[in-house]
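J.: Got a structure for you, written out below as structure tokens; questions coming shortly.
Every number here is computed from the coordinates shown, using simple stated rules; none is lab data. Keep in mind the model is a prediction, meaning the values are calculated, not measured. Here the Cβ positions follow ideal geometry from the backbone for every residue, glycine too, while neighbour counts run over all protein chains shown.
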Amino acid sequence: MEFQELIDRALQVRALYSQLEQTRYGRAWENDEIALGFVGDVGDLAKLVIAQNGVRDIPESREKLAHELSDCLWSVIVLAQSYGFNLETVFMENMDWLSAQIEAQIKQGR
């Protein structure tokens, strides 16, 4: 699957959520509300990571972890698109920058 297919699917689901939000609240969520939802998902993700390490007892934690990872990716994709970022491009640029920084530190022995 191509990254653009993930983006397209995430935006299809966002459009459905917008319709639901319009029905429930009279308007679609704004970016700050999506970001707050993302923060909640990250908190759930952290608890599930802890459970995977055996420190917390959460039934079906592995399946729930996969779900939360997907929720978090969805939020990142939706926010990136909303702000006009080409996530694939900025991700690759950031990975190139990080790789160069890490390689430089490895060469320096730090």
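J.: Would you kindly derive the ³J(HN,Hα) couplings of region 94-107 from the backbone phi angles with the Karplus curve 6.51 cos²θ - 1.76 cosθ + 1.60 (θ = phi - 60°), listing them in order in whole Hz, with x for Gly and Pro?
T.: Using θ = phi - 60°, the values come out as 5, 5, 4, 5, 4, 4, 5, 5, 5, 4, 5, 5, 5, 4 Hz.
J.: Under the rule of -39500 (n - 2.57) per DSSP H run of 4 or more residues, summed and divided by the residues of the chain, what mean residue ellipticity at 222 nm is obtained, to the nearest 500 deg cm²/dmol? Each step should come with its number before you reach the end.
T.: Working: 4 runs with 89 residues, N = 110.
Mean residue ellipticity, 222 nm, calculated: -28500 deg cm²/dmol.
J.: Amide H to amide H, which residues 5 or more places from Arg56 or on other chains are under 5 Å from it, using H placed in the peptide plane?
T.: Ala51
J.: Can you give the extra length, in nm with one decimal, that the chain gains between Val76 and Ala46 once fully stretched, where that is 0.36 nm per residue apart less the Cα-Cα distance? Display every interim value, and only then the final one.
T.: Working: separation 30, 0.36 × 30 = 10.80 nm, distance 1.64 nm.
Full-extension gain reported as 9.2 nm.
J.: Let a ≥ b ≥ c be the square roots of the eigenvalues of the Cα gyration tensor of region 3-85; is it rounded (a/c under 1.5), or, if not, prolate (a/b larger than b/c) or oblate? Don't skip to the end; give the middle numbers.
T.: On the way: a/c = 2.34, a/b = 1.80, b/c = 1.30.
The shape class here is prolate.
J.: Would you mind working out the magnitude of the charge dipole of the chain relative to its Cα centre, with +1 at each Lys and Arg C-beta and -1 at each Asp and Glu C-beta, to the nearest 20 Debye?
T.: Values: 10 positive and 18 negative charges, 57 e Å.
Result for the chain is approximately 280 debye, rounded to the nearest 20.
J.: Spelling out what I want: for every residue of region 84-90, take phi, set θ = phi - 60°, compute 6.51 cos²θ - 1.76 cosθ + 1.60 (Karplus), and round to whole Hz; glycine and proline get x.
T.: x, 8, 8, 4, 4, 5, 5
J.: Moving on. With everything on Cα atoms, drop me the angle between helix 3-25 and the longest principal axis of the chain, reported from 0 to 90° to the nearest 10.
T.: Taking the Cα atoms of the chain, the angle to 3-25 is about 40 degrees.
J.: Using 0.36 nm per residue, how much length does the chain from Arg56 to Gln12 gain when fully extended, once their Cα-Cα distance is taken away? Working shown, then result.
T.: Working: separation 44, 0.36 × 44 = 15.84 nm, distance 3.47 nm.
My answer for the length gained is 12.4 nm.
J.: Separate question: So for region 26-97, averaging the separation of alpha carbon pairs under 8 Å that are six or more residues apart and normalising by length, what relative contact order in percent results? Kindly include the intermediate steps, with their values, before the conclusion.
T.: On the way: 37 pairs, mean separation 22.3, N = 72.
Relative contact order of region 26-97: 31 percent.
J.: Give the separation of the Cα centroids, region 67-85 to region 33-65, in Å.
T.: 17 Å
J.: So how tilted is helix 61-82 from the main axis of the chain? Cα-based, degrees 0 to 90, rounded to 10.
T.: Orientation of helix 61-82: about 80 degrees from the principal axis.
J.: Further question: Going by the alpha-carbon gyration tensor, a ≥ b ≥ c the square roots of its eigenvalues, is region 1-42 rounded (a/c under 1.5) or, if a/c is not under 1.5, prolate (a/b greater than b/c) versus oblate?
T.: Numbers: a/c = 3.08, a/b = 1.40, b/c = 2.20.
It comes out oblate by the Cα gyration axes.
J.: Quick check: pseudo-label points 7 Å beyond the Cα along Cα→Cβ at Ala100 and Glu21, how many nm apart are they?
T.: Each label point lies 7 Å from its Cα, and together they span 3.6 nm.
J.: Ok, one more. Full extension from His67 to Glu93: what is 0.36 nm times the residue separation minus their Cα-Cα distance, to one decimal in nm? Numbers along the way, then the final one.
T.: Values: separation 26, 0.36 × 26 = 9.36 nm, distance 2.73 nm.
Extra length from His67 to Glu93 when fully extended: 6.6 nm.
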